[in-house]
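Student: Below are the structure tokens for one structure; questions will follow.
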Amino acid sequence: MEKKYVAPPYRIKMVEPIKMTTKAERIQKLKDAGYNPFTLKSEDVYIDLLSDSGSGAMSQHQWAALMLGDEAYAGSKSFYHLEKVVKAITGYKYVIPAHQGRGAEKVMLPQLVTREGMYYISNTHFDTTRAHVEIAGARAIDVVIDECYDTENYYPFKGNFDLEKLEKEIKEKGPENIAGIIMTVTNNSAGGQPVSMENLRKTSEIAKKYNIKTIIDGARYAENAYFVKEREKGYENKSVREIARELFDLADVFLMSSKKDGLVNIGGLIAIKADVDLYQKCQTYIVPMEGFPTYGGLAGRDMEALAVGLEEALDEDYLRHRIDQARYLGDRLRDAGIPIQYPVGGHAVFVDCKKICPQIPYHQFPAQAVCNEVYIESGVRAVEVGSFLLGRDPDTKENLESPLEFMRLTIPRRTYTYAHLDVVANAVIEVYKRRDTLVGLDFEYEPPVLRHFTARLKPIK
Ligand code: P61
């Protein structure tokens, strides 16, 4: 059957050769890497779907903008360029750059944690966000809707807040104990799933009612706005930029890993709508943590590339193709009967490995086992988003059980063709055929925080 797809609105001007490896080589490489694709050398990977973070291709305009970087330690022209663009997109008053998303989180999130026993509530905290909430001495609560856990059934906004759960948590914990409400758009951990404007509006109303600050974790805010335009009634005739602006109007703070919808290889942002006190606190704290407030850990050239990238990421022709690549890969897997989070989100296809490998319990990391097998099959690197990533309970130190065990096939922006995606689909289909032979994994080495980056594992014989 012929597959229809949205062709890219760009052509290729420069190519990056990639090494081909044999299956025997990959078996050895994975063993050397402690059965953890994070520790593979990227030169041993054919198609790298580990992350869409900083892995995309810059445009000719961005490469040209690098040459305009003003590398002054303080008051760089490039900062003022970036500030102007961020203010125009968000309508926010204050802008501080950071070296990447977690740098922004590290500086901003502790400012609202004023004493012990506080909480952040989110639709779903991403793992670095959760880590910074905990480092700041608070606890992270997720209140995503139940539809998100029902992977194969269509629901247009599986990233939504469960508004009842949200209000219940606020009442139970006490509004004065809630440091902030974090709106993760798109909801990465739920499968790159969008959050509807209606849901965000109601979340914002609840926050206002209890006098709680709202923070957008907007790594993929442009992709979220595109889904709103495609799926939410009343938004079909608005531009993605207008929808994004409506989103920013609902919150107080914008934190961004610009390595996603900033279309750059490195960068992050803190933008604050109006709270001068919070701005001054972040400004003070960023100096020892990231750098002077007009560079925040970035080179002037990085800020120039980001100023251009933020604009390009709102281009609707670009977004149409971008979102369609994930849809195409998802459809190929679904056609082969492989269970995935459906509908497919913005930046990745999330394969439901709990269903693929019911023989592997959560504490033996079924999705990691599938990722490893896909690498051996084809040289494609995917990433586990499940119990391996979730880690341990900070109080009891028990392995947490993730409600979903995903293999994430993450698509870098403007980087791979549909032909690459066919290679990926074919590899996953081959592994699916031999799913009964897969075994779980155990730790050889387990680091205490964000263990999935550097852990070493071994297959359970
Ligand atoms: C990713 F395996 N995401 O999805 P930074 N918020 C959100 C993110 O998606 C996010 C950050 C904040 C990554 C990179 C990554 O264990 C991992 O610029 C919604 O990466 O600091 C990052 O932004 C943090 C992959 C991060 C991981 C942590 O691939």
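Student: Below 8 Å, C-alpha to C-alpha, sequence gap of six or more: please give me the relative contact order for the chain in percent.
Tutor: So the answer I get is 23 percent.
Student: How many angstrom lie between the Cα centre of the stretch 70-108 and the Cα centre of the stretch 426-461?
Tutor: 39 Å
Student: Could you run the Karplus curve 6.51 cos²θ - 1.76 cosθ + 1.60 with θ = phi - 60° over the stretch 15-32 and give me ³J(HN,Hα) per residue in whole Hz, x for Gly and Pro?
Tutor: Each residue's phi maps through the Karplus curve to give 10, 10, x, 10, 7, 9, 10, 9, 4, 4, 4, 5, 4, 5, 4, 5, 4, 4 Hz.
Student: Counting Lys and Arg as +1 and Asp and Glu as -1, each charge on the Cβ, what is the dipole of the chain about the Cα centre in debye, to the nearest 20?
Tutor: Rounded to the nearest 20 debye, it is 460 debye.
Student: Give me the percent of Cα-Cα pairs in the stretch 1-65 that sit more than 20 Å apart, rounded to a whole number.
Tutor: The answer is 50 percent, as a whole percent.
Student: Quick one: 3J(HN,Hα) in Hz for the stretch 355-361, Karplus 6.51/-1.76/1.60 with θ = phi - 60°, rounded, Gly and Pro as x.
Tutor: Per-residue couplings from phi come out as 6, 6, 10, x, 6, 9, x Hz.
Student: If you don't mind, there's one more thing I want to ask. Roughly to the nearest percent, how much of the accessible area of the chain is carbon and sulfur, given a 1.4 Å probe?
Tutor: For the chain, the apolar C and S fraction of the accessible surface comes to 52 percent.
Student: Follow-up. Averaging the inverse of every distinct alpha carbon separation and then flipping it gives the Kirkwood radius. What is it for the stretch 362-408, in angstrom units?
Tutor: In the stretch 362-408 this quantity evaluates to 11.0 Å.
Student: Specify, per residue and in Å³, the volume enclosed by the convex hull of the alpha carbon atoms belonging to the stretch 259-405.
Tutor: 192 Å³
Student: How much accessible surface does Ile145 have with a 1.4 Å probe, in Å² rounded to 10?
Tutor: So the heavy atoms of Ile145 present about 20 Å² to solvent.
Student: Further question: Along the charge dipole of the chain, which of Tyr46, Ala179, Ile141 sits closest to the positive end, that is, farthest toward it, with unit charges on the beta carbon of Lys, Arg, Asp and Glu (+1, +1, -1, -1)?
Tutor: Tyr46
Student: Okay, moving on. Rounded to the nearest 5, what is the percent of antiparallel bridges among the DSSP beta bridges in the chain?
Tutor: 60 percent
Student: If you stretched the chain out fully between Tyr210 and Ala74, how much longer would it get, using 0.36 nm times the residue separation minus the C-alpha to C-alpha distance?
Tutor: 45.0 nm
Student: Additional query: Of Ser258, Ser51, which has the most accessible area and how do the rest follow, probe 1.4 Å?
Tutor: Of Ser258, Ser51, the descending order of accessible area is Ser51, Ser258.
Student: Which value, in Å², gives the accessible area per residue of the chain when a 1.4 Å probe is used on the protein heavy atoms?
Tutor: With all protein chains present, the chain gives 42 Å² per residue.
Student: Please work out how much accessible surface Ile135 shows to a 1.4 Å probe, ignoring ligands, DNA and RNA, in Å² rounded to 10.
Tutor: That residue has around 130 Å² of solvent-accessible surface.
Student: As a test of reading the structure, rank Glu43, Glu316 by solvent-accessible area (1.4 Å probe, protein chains only), most first.
Tutor: Result of the area sort, largest leading: Glu43, Glu316.
Student: Now, a different point. Please find the FRET efficiency linking Arg241 to Leu163, where r is the Cβ-Cβ separation and R0 is fixed at 35 Å, and quote it to the nearest 0.05.
Tutor: That pair, Arg241 with Leu163, gives E of 0.85.
Student: Mind listing the long-range amide H neighbours of Ser258? Cut-off is under 5 Å, sequence gap 5 or more, other chains count too, H placed in the peptide plane at 1.01 Å from N.
Tutor: Hits under the 5 Å cutoff: Gly101, Gly267, Gly268, Leu269.
Student: Just the number, please: Stokes-Einstein D of the chain in µm²/s, Kirkwood Rh from C-alpha pairs, 4 °C, 1.567 mPa s.
Tutor: D, rounded to a whole number, is 58 µm²/s.
Student: Ok, one more. Dipole of the stretch 367-453, Cα-centred, from +1 at each Lys and Arg C-beta and -1 at each Asp and Glu C-beta, to the nearest 20 debye?
Tutor: With Lys and Arg at +1 and Asp and Glu at -1, about 480 debye.
Student: Leaving ligands, DNA and RNA out of it, work out the accessible area of Asp277 with a 1.4 Å probe and give it in Å² to the nearest 10.
Tutor: Counting only protein heavy atoms, the figure is 80 Å².
Student: Okay, moving on. Cα-based Rg (one decimal) and Dmax (whole number) for the stretch 8-148, in Å?
Tutor: 20.9, 56
Student: Let me ask something else about it. Is the stretch 60-312 rounded, prolate or oblate when judged by the Cα gyration tensor, a ≥ b ≥ c being the square roots of its eigenvalues, rounded requiring a/c under 1.5 and prolate requiring a/b larger than b/c?
Tutor: Judged from the Cα gyration tensor, the stretch 60-312 comes out oblate (a/c at least 1.5, b/c at or above a/b).
Student: For Asp442 and Glu172 in one chain, what is 0.36 nm times their gap in residues minus the Cα-Cα distance, to one decimal in nm?
Tutor: 93.5 nm
Student: Round to a whole angstrom and tell me the spacing of the C-alpha centers of the stretch 302-344 and the stretch 10-64.
Tutor: 18 Å
The values are calculated or read from the model by the stated rules, or taken from the named source; none is laboratory data. Note that this is a predicted model, so its numbers are computed, not measured. Cβ sites come from the backbone with ideal geometry, for glycine too, and all protein chains shown count toward neighbours. Heavy atoms of the whole protein, side chains included, go into the accessibility calculation; ligands, DNA and RNA do not. Shrake-Rupley method; radii C 1.70, N 1.55, O 1.52, S 1.80 Å.
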